[in-house]
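Student: Quick one: the structure is below, questions incoming.
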Amino acid sequence: MSPHDGLRFGQFIGDDGGVHSTVASSVIAAVPEARAAAERYGRELRFDFLDDRAVHGMLFHRWEDNRRARGMGCLASIPLSVLLLGAWPFWDLVASQKAQSFQIAFICGDTGLVVGLLLGLYLWRRPSLRNPSLRNVRIRARRYREIVGIARRRGAAIPATYPYYGMYASSRKFFPDAPELPVPESDLQR
C-alpha cells in the first residue's frame, strides 16, 4: 500500500515524510516571471506546470521514486557502517598487533568490501537511474522547484521550503519518446 493512499487531492508527501499541501497553480501563475518560466519549461518538457492535477501526479511519482531509493540506501547503510566504523576498533585492538602482511591484507580486504558494496548499490539502483520515464519525472520535479523559487522570490505567498524535497542529480536530460507514467487514479479522483 502506498503512503499516498488516503491523501486528498492537493496533498503530497515530502522528503521529510510529512504530508504537505500543494500550492495552487493560480498562485504561481499570478507572478509573470514564474508563469513565463512555467510555459517555457512546459514546452521544453511536454508538461503543464500550471495544471494542479498534473503537478499532483508528478509529486506522487517523485515520492515513489525517492521512497524506493531511500529503502536501498537504508539497507546498504548497515553493512557499510559496520565495514567503515568497525574497521577502526578492529585495527586498534587486533590488526595493529599483527604482522605487516596481515595489516595490508586487512586494509585491502576492508577497502575491497566497501568498494564492492558501493558498486553493488550503484548496480542495484542503476535500472531506475537509467529509466527514461523516471528521469523525466525527476527533471520535471527539478524545473517545478525552479518555477516555485521564481514565484517565491517575486513575492508569492509560498513557504520557504516548498515543495519539501531536494534536488535530483540524475535530472539533466529530457527523453521525449519515453512513455508517461500512469496517473495515480486513487489520489486524483478525490
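Student: Checking Tyr168 against (1) within 19 Å of His56 (Cβ to Cβ); (2) in contact (Cβ under 8 Å) with a residue 60 or more places away in the chain, which single condition isn't satisfied?
Tutor: Single failed check for Tyr168: (2).
Student: What are the residues in the stretch 120-165 that are touching a residue at least 40 places away in the same chain (Cβ under 8 Å) and either charged (D, E, K, R) or in contact with a Gly (Cβ under 6 Å, 6 or more places away or on another chain) (or both), if any?
Tutor: Arg125, Arg135, Arg138, Arg140, Arg143, Glu146, Arg154, Tyr164, Tyr165
Student: Please pick out the residue among Ala38, Ala29, Ala54, Ala34 that is of a type in the set (A, V, I, L, M, F, W, C), modelled with pLDDT of 90 or more and under 18 Å from Arg8 (Cβ atoms). Let's see the steps before the verdict.
Tutor: Details: Ala38 fails: under 18 Å from Arg8 (Cβ atoms); Ala29 fails: under 18 Å from Arg8 (Cβ atoms); Ala34 fails: under 18 Å from Arg8 (Cβ atoms).
Checking each option against the conditions leaves just Ala54.
Student: Does the stretch 48-70 hold any residues that are farther than 30 Å from Tyr122 by Cβ and without any contact (Cβ under 8 Å) to a residue 60 or more places away in the chain, and which are they? Steps first, answer last, please.
Tutor: Taking the stretch 48-70 as the starting set, the residues that turn out to be farther than 30 Å from Tyr122 by Cβ are 48-56.
Within the stretch 48-70, Asp48, Leu50, Asp51, Asp52, Ala54 qualify.
Student: Would you call Arg62 closer than 30 Å to Gln11 by Cβ, in contact with a strand residue (DSSP E or B) (Cβ under 9 Å, 6 or more places away or on another chain) and open to solvent by 60 Å² or more (accessible area, probe 1.4 Å)?
Tutor: Answer is no for this residue.
Student: Given (1) in contact with a Lys or Arg (Cβ under 6 Å, 6 or more places away or on another chain); (2) within 18 Å of Leu181 (Cα to Cα), identify the lone condition not met by Arg62.
Tutor: So the condition that Arg62 fails would be (1).
Student: Please verify whether the stretch 124-132 includes one or more residues that are under 19 Å from the mean Cα position of the chain (by Cα), under 21 Å from Phe47 (Cα atoms) and open to solvent by 60 Å² or more (accessible area, probe 1.4 Å).
Tutor: yes
Student: Restricting attention to the stretch 8-24, report how many residues are open to solvent by less than 40 Å² (accessible area, probe 1.4 Å) and assigned to a strand (DSSP E or B).
Tutor: Residues in the stretch 8-24 being open to solvent by less than 40 Å² (accessible area, probe 1.4 Å) and assigned to a strand (DSSP E or B): 4 in total.
Student: I'd like to verify a number: residues in the stretch 108-123 that are open to solvent by less than 80 Å² (accessible area, probe 1.4 Å) and among the aliphatic types (A, V, I, L, M), how many?
Tutor: 3
Student: On to the next question. Here is a check on your reading of the model: is Glu39 touching a residue at least 40 places away in the same chain (Cβ under 8 Å) and either assigned to a helix (DSSP H, G or I) or open to solvent by 30 Å² or more (accessible area, probe 1.4 Å) (or both)?
Tutor: no
Student: Tally up the residues in the stretch 71-107 that are under 30 Å from Asn131 (Cβ atoms), without any contact (Cβ under 8 Å) to a residue 12 or more places away in the chain and open to solvent by less than 90 Å² (accessible area, probe 1.4 Å), please.
Tutor: Counting residues in the stretch 71-107 that are under 30 Å from Asn131 (Cβ atoms), without any contact (Cβ under 8 Å) to a residue 12 or more places away in the chain and open to solvent by less than 90 Å² (accessible area, probe 1.4 Å) gives 4.
Student: A further question on this structure: With respect to Ser21, determine if the residue is out of contact with any strand residue (DSSP E or B) (no Cβ under 7 Å at 6 or more places or on another chain) and hydroxyl-bearing (Ser, Thr, Tyr).
Tutor: No: the conditions fail for Ser21.
Student: Inspect all residues belonging to the stretch 142-154 and state whether any of them is under 14 Å from Asn66 (Cα atoms), at pLDDT 90 or above, assigned to a helix (DSSP H, G or I) and not polar (S, T, N, Q). So that I can check it myself, show each step before the final result.
Tutor: Of the stretch 142-154, the ones under 14 Å from Asn66 (Cα atoms) are 142.
Imposing the further condition that a residue be at pLDDT 90 or above reduces the set to 142.
Now narrow it down to the ones that are assigned to a helix (DSSP H, G or I): 142.
Filter again for not polar (S, T, N, Q), leaving 142.
Checked the stretch 142-154: at least one residue is under 14 Å from Asn66 (Cα atoms), at pLDDT 90 or above, assigned to a helix (DSSP H, G or I) and not polar (S, T, N, Q).
The values are calculated or read from the model by the stated rules, or taken from the named source; none is laboratory data. Note that this is a predicted model, so its numbers are computed, not measured. Positions of Cβ are backbone-derived with ideal geometry, glycine not excepted, and every protein chain shown enters the neighbour counts. Each accessible area value is taken on the protein alone, full model and side chains, heavy atoms only, with ligands, DNA and RNA left out. Shrake-Rupley method; radii C 1.70, N 1.55, O 1.52, S 1.80 Å.
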